[in-house]
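**Student:** Below: one structure in structure tokens.
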Amino acid sequence: MIFSLWLRPAWSQEMTVWVVDPHTKVFRDSLPPSAPAKAEEATKPTQPGQQSQPSQATGAIQLRAARNEYEPAQIAIRSSKPLQGVHVELGPLRHEDGQSSIGAEHLRWDFVGYIPIPKNTPHAEGLQIQKAPFEAPDPLLADRTKDIPADQTQPVWITLYVPKEAKPGLYHGQVTVVAGQLRVETPIQLRVDPFVLPDDRHVWVTNWFNLPNIAKAHQVEVWSDGFWKVLAKYAQNMAEHRQNVVLAPWTLIDLVREENGQLSFDFSRFDRFVEVFEKAGVAGRLEITHVGHGQKGWGSPVVLSRPSALDRKTGKHITLEPQEGLRPLLAALEKHLAERGWLEKSMIHVGDEPILTNLASWREASAFVHQSAPRLRRIEAIETIDCSGFLEIWVPQVSHFERWRTAYETHRPHAELWYYICCNPHGSHYPNRFLDYPLSSVRVLHWINFTERLAGYLHWGWNFWGANPFGPPNDQLPPGDTHVVYPGPEGPLNSLRWEIQRESLEDFEYLQLLADKTAKLRQQLGQKAEWLHPERTAMELARQVVPAITQWERDPARIMAVRAQVADEILALESPPLLLVQIEPPAGSTLYGEPIALEVLGLTEPGAEVKVNGHRVEVGPDGRFIARPTPLRPAGQVRIEANHQGKTKTIVKQFTLRP
């Protein structure tokens, strides 16, 4: 968690280094802050979704993280003279106790590269960080040294991983930029919270990926030994970024029509593929690729695939009709998944993005799949509202979910709901991960999962780069839609967007951890806490970042402030005195008119003194209390304070008041 973001620069006589909020895209002509911003300037962002400059600078990178969490930082380098052979040095972070440390192997740095943007995302003037043409910072390059021309700014991305066993408390270190005899040091301060971010992922995440692109980028043949080795590196990268669903092609299953006319199935290549991602920690679910497609492209009637099989008699490959080839393949696949213990975590696509005009044919194809493999759940990115009876995992585009919410919510009792984004939605209202959008639009993606109770996220474009992955984006799509990783010398290179998406997934885990810890405490307290909704506080905080899908928080400083509150709430659950509060209506609500009355239910230590907005309230023998306060004006706050055995805890619930 970044506290100090735009900071007073450090400099030698010929090189300036300054700290930048990692959500800020640094351009080649970005300048260091020459002085702290004036108070009236502190609320004015310099680009959409970019943090405002704080009114006072602190001169250091300041981070806060849980254990088992990644945390980014960013610095920028500039000189009035050319700099040769610039590189960065990172050492261990030392604990305040003088004994413990986080080793240098848990820190890395990368130069940020640029992608030329010849045209902007259409109809997105309210979100565009710059008007095209321009160069967008994004790839984290493999270069370990770099020459920086005079009067040109070069950003550097820093990634810190806090091990599970790290000792809580304050750590100090430094990042050093070296250019020949020039050395500029910037302090790093890290606060490690005592709680551990769980290894278990609580939201499903899939990014579809292109296998031939991996092979071509690394000059290996698909399915060669070299390919399997590099594929494992791509799988590891997914796992490090909390992806937990792998797209598994059913076409990896080899079919043979034996001399007696019977079909046999060789799952060895399919199994090896799944095992690579299982070993990396990605295959929490298997997402089997589509068995159908639009006959004449998107929106046309869905037809089922005709598998290819080796004819043992002739030694030639033949094409089988769906009834002859696909039906027995699906049945065999279901049986094989069960034998391998994979069936419960498997799901299969029918035909991508059904819409109202081809829904009837899609339903026929879905029925075919279900009849062939009745225990295999179906998943689909959908552009329509009624797949009832033909789909188990519904993945509407986020804009459709927002607009057709009432229809989708009626299916929630018997469907698992996700959402997806792709080249759509675009414009100035919905978040997406396009190159000309601010990084705050990526940061909020998985807050949406929490606020809307959507169990998963899908995107089609993880590595669907074109001939030049670092060149101008596909001009038929919004810039950056095709990929968020880049090919490196030995494996994938990360991007600013991919790094920030991991931050968003960690944000989700913070919110879920708060809800889970509250649920556990509620269970321990028994009947006297039965009124407590475990998700309420986490949801109130999440709604500060995403009040609605089209009303997400653009300012990363405010996003980070809320995440700090989530961390504080997690810690407060485990510190005395006990204080649990639930308020109606929920905190964050906008309240109109007069009079305004709120209902407060609370639980504290028996014998504690409790005040609500400064007024003492009665505490029952079991620690329960109630209150009916009016929010304090003009702040719109309700303050609940408990004091017990010399220790005090305060909870503040915030409302917006309107005449």
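**Student:** Projected onto the charge dipole of the range 318-364 (+1 at Lys/Arg Cβ, -1 at Asp/Glu Cβ, origin at the Cα centre), which of 320, 338, 359 gives the Cα projection farthest towards the positive end?
**Tutor:** Most positive-ward Cα: 338.
**Student:** Given contacts defined as C-alpha pairs under 8 Å and at least six residues apart, what's the relative contact order of the range 154-258, whole-number percent? Before the final figure, lay out each step's value.
**Tutor:** Values: 76 pairs, mean separation 21.8, N = 105.
21 percent.
**Student:** Taking a ≥ b ≥ c as the square roots of the eigenvalues of the Cα gyration tensor of the range 532-659, is the shape rounded (a/c under 1.5), prolate (a/b larger than b/c) or oblate?
**Tutor:** Values: a/c = 2.18, a/b = 1.37, b/c = 1.59.
Oblate, since a/c reaches 1.5 and b/c is not below a/b.
**Student:** Then there is this: How high is the relative contact order of the chain, in percent, counting Cα pairs under 8 Å that sit 6 or more residues apart?
**Tutor:** About 12 percent, as a whole number.
**Student:** Let's see if you can work this out: charge +1 on each Lys and Arg Cβ, -1 on each Asp and Glu Cβ, no other charges. What is the dipole magnitude of the chain about its Cα centre, in debye to the nearest 20?
**Tutor:** That gives a dipole near 600 debye.
**Student:** Can I ask one more? Got a sec? Charge dipole of the chain, +1 on Cβ for Lys and Arg, -1 for Asp and Glu; which of 511, 417, 308 is way out at the positive end?
**Tutor:** Value computed over the given set: 511.
**Student:** In the set (i) 97, 69, 56; (ii) 97, 78, 51; (iii) 86, 69, 50, which value of Cα extents along the principal axes in Å was calculated from the structure you see?
**Tutor:** Computing Cα extents along the principal axes in Å and matching it to (i) 97, 69, 56; (ii) 97, 78, 51; (iii) 86, 69, 50 gives (iii).
**Student:** For residue 636, what is the net charge nearby, where nearby means another residue's Cβ is under 12 Å from its Cβ and Lys, Arg count +1, Asp, Glu -1?
**Tutor:** +4
**Student:** Could you tell me what fraction of 2.2 N^0.38 Å the Cα radius of gyration of the range 161-308 comes to, as a two-decimal ratio?
**Tutor:** Expressed relative to 2.2 N^0.38 Å, the Cα Rg reads 1.55.
**Student:** Next question. Using unit Cβ charges (K, R positive; D, E negative) and no other charged atoms, how large, in debye to the nearest 20, is the dipole of the range 220-311 about its Cα centre? Write out the running numbers ahead of the final one.
**Tutor:** On the way: 10 positive and 12 negative charges, 94 e Å.
The calculation lands at about 440 debye.
**Student:** 5 Å is the cut-off here: which amide hydrogens, built 1.01 Å from N in the peptide plane, fall below it relative to residue 591, excluding neighbours closer than 5 in sequence?
**Tutor:** The list, which skips near neighbours in sequence, is 656, 657, 658.
**Student:** Enumerate by residue number the trypsin sites (Lys or Arg not before Pro) in the range 194-303 meeting two conditions: DSSP loop (anything except H, G, I, E, B), and at most 10 other Cβ atoms within 10 Å of the site's Cβ.
**Tutor:** Passing both the DSSP loop test and the Cβ count: 296.
**Student:** In percent, how large is the relative contact order of the range 302-357, given Cα pairs closer than 8 Å and 6 or more residues apart?
**Tutor:** 23 percent
**Student:** Mind ranking 589, 495 by accessible surface for me, highest first, 1.4 Å probe?
**Tutor:** Descending order: 589, 495.
**Student:** Per DSSP H run of n ≥ 4, the term is -39500 (n - 2.57); total these for the chain, divide by its residue number, and report the mean residue ellipticity at 222 nm rounded to 500 deg cm²/dmol.
**Tutor:** On the way: 12 runs with 143 residues, N = 659.
When only DSSP H runs of four or more count, the value is -6500 deg cm²/dmol.
**Student:** Name the aspartates and glutamates eligible as straight-distance cross-link partners of residue 316: C-alpha to C-alpha under 13 Å, and not fewer than 8 places from it in the same chain.
**Tutor:** Partners found: 258, 259.
**Student:** Quick one: grab the alpha carbon gyration tensor of the range 563-603, order the square roots of its eigenvalues as a ≥ b ≥ c, and give me rounded if a/c is under 1.5, else prolate or oblate depending on whether a/b is larger than b/c. Walk me through the intermediate numbers first.
**Tutor:** Numbers: a/c = 4.58, a/b = 1.84, b/c = 2.49.
Since a/c reaches 1.5 but b/c is at least a/b, the shape of the range 563-603 is classed as oblate.
**Student:** Which cross-chain or sequence-distant (5 or more) residues have an amide H under 5 Å from the amide H of residue 83, H modelled 1.01 Å from N in plane?
**Tutor:** Under 5 Å from the amide H of residue 83: 148, 150.
**Student:** Filter 528/649; 146/233; 167/233; 345/517; 229/335 down to the pairs with a C-alpha to C-alpha distance above 22 Å, please.
**Tutor:** 146/233; 167/233; 345/517; 229/335
**Student:** When a/c reaches 1.5 or more, the comparison of a/b and b/c decides; with that in mind, is the range 113-245 rounded, prolate or oblate per its Cα gyration tensor?
**Tutor:** rounded
**Student:** Taking amide H atoms as placed 1.01 Å from N in the peptide plane, list the residues 5 or more away in sequence, or in a different chain, whose amide H sits under 5 Å from that of residue 101.
**Tutor:** 95
The values are calculated or read from the model by the stated rules, or taken from the named source; none is laboratory data. Everything numeric in this text was worked out from a predicted model, so none of it was measured. Note that each Cβ is placed from the backbone with ideal geometry, even for glycine, and that neighbours are counted across all protein chains shown. These accessible areas exclude ligands, DNA and RNA; they are computed on the full protein's heavy atoms, side chains included. Shrake-Rupley method; radii C 1.70, N 1.55, O 1.52, S 1.80 Å.
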